[in-house]
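Heads up: the structure comes next, in structure tokens.
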Amino acid sequence: MPFCASCGSPVEGRFCPSCGAQMPDFGGAPASPPPGSQSAPPQAVPGGLSINVASALCYLFGLITGIIFLVLAPYNQDKTVRFHAFQSIFWNLSFFVIYIAVMIISTIAVAILSVFGMLFYLLLFVVWLAFMVSWLYLMWKAYNNQRVVLPIIGPLAERQA
């Protein structure tokens, strides 16, 4: 009995009943199953990426990848990917707002307090470092199929997803 080269299921006739692939004509010689195939072929992921990879990629470039995964067809239907995409968008927006606020306060403090105002630039670096560490942490947890709900923006992302 011939087997389909695409999915590995047994075929009788010119077309595979599982995937619809056309069978080549071997002159009546039975084809052997593809190496490593089981009785049931592995299920393909609809969009090409698994859910955990798509969830982690939502955080990769922040707003850009969050919006991309909300627009792409197979991923915008999955609640997990939608949650991570919205959380990534909200997290990056909050980062920009906090970073700009600290930058403005630092500039004003340097103008008024000069030497002591320089400590605010240290605060600016600490804010940036905290966001970088949390960015890596969120990507790692999403890749491991673990949901981290951030305070304030996490519940917003859950409602949107």
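The values are calculated or read from the model by the stated rules, or taken from the named source; none is laboratory data. Worth saying up front: this structure is predicted, and the values here are computed from it rather than measured. Backbone-built Cβ (ideal geometry, glycine too); neighbour counts: all protein chains shown.
Would you check if Gly117 is in contact with a Cys (Cβ under 9 Å, 6 or more places away or on another chain) and free of Cβ contacts under 8 Å to residues at least 40 places away in the same chain? When the stated conditions are applied, Gly117 does not pass them. Taking Phe116 as the residue in question, decide whether it is surrounded by 14 or more Cβ atoms within 10 Å (Cβ to Cβ) and more than 23 Å from Leu49 (Cα to Cα). It is false that Phe116 is surrounded by 14 or more Cβ atoms within 10 Å (Cβ to Cβ) and more than 23 Å from Leu49 (Cα to Cα).
Only one residue in Gly47, Gly66 is at pLDDT below 80, surrounded by 12 or more Cβ atoms within 10 Å (Cβ to Cβ), within 30 Å of the chain's Cα centre (by Cα) and within 30 Å of Val133 (Cβ to Cβ), so which one is that?
Of Gly47, Gly66, the one residue that is at pLDDT below 80, surrounded by 12 or more Cβ atoms within 10 Å (Cβ to Cβ), within 30 Å of the chain's Cα centre (by Cα) and within 30 Å of Val133 (Cβ to Cβ) is Gly47.
Search the range 50-63 for residues being closer than 14 Å to Ile153 by Cβ and part of a loop (DSSP other than H, G, I, E, B), and hand back the single one that is farthest from the chain's Cα centre (by Cα). Restricting to residues being closer than 14 Å to Ile153 by Cβ and part of a loop (DSSP other than H, G, I, E, B), the top hit is Gly62.
Which of the residues belonging to the range 104-148 are of a type in the set (Val, Ile, Thr) and within 16 Å of the chain's Cα centre (by Cα)? Matches in the range 104-148: Val148 only. Out of contact with any strand residue (DSSP E or B) (no Cβ under 6 Å at 6 or more places or on another chain) and on the phi > 0 side of the Ramachandran plot: does that describe Ser134? Against the criterion (out of contact with any strand residue (DSSP E or B) (no Cβ under 6 Å at 6 or more places or on another chain) and on the phi > 0 side of the Ramachandran plot), Ser134 does not qualify. Criterion first (assigned by TED's automatic domain parsing to the domain that holds Leu150, surrounded by 12 or more Cβ atoms within 10 Å (Cβ to Cβ), under 30 Å from Phe83 (Cβ atoms) and in contact with a helix residue (DSSP H, G or I) (Cβ under 7 Å, 6 or more places away or on another chain)) does Tyr121 satisfy it? Considered against the rule, which asks whether it is assigned by TED's automatic domain parsing to the domain that holds Leu150, surrounded by 12 or more Cβ atoms within 10 Å (Cβ to Cβ), under 30 Å from Phe83 (Cβ atoms) and in contact with a helix residue (DSSP H, G or I) (Cβ under 7 Å, 6 or more places away or on another chain), Tyr121 comes out as no. Of the helices (runs of 4 or more DSSP H) lying entirely inside the range 72-161, those containing at least 3 residues that are at pLDDT below 85 and closer than 23 Å to Ala56 by Cα are 153-160. Would you mind stating whether Phe90 is in the same structural domain as Arg147 (by TED's automatic domain parsing), under 28 Å from the mean Cα position of the chain (by Cα) and surrounded by fewer than 15 Cβ atoms within 10 Å (Cβ to Cβ)? Against the criterion (in the same structural domain as Arg147 (by TED's automatic domain parsing), under 28 Å from the mean Cα position of the chain (by Cα) and surrounded by fewer than 15 Cβ atoms within 10 Å (Cβ to Cβ)), Phe90 does not qualify.
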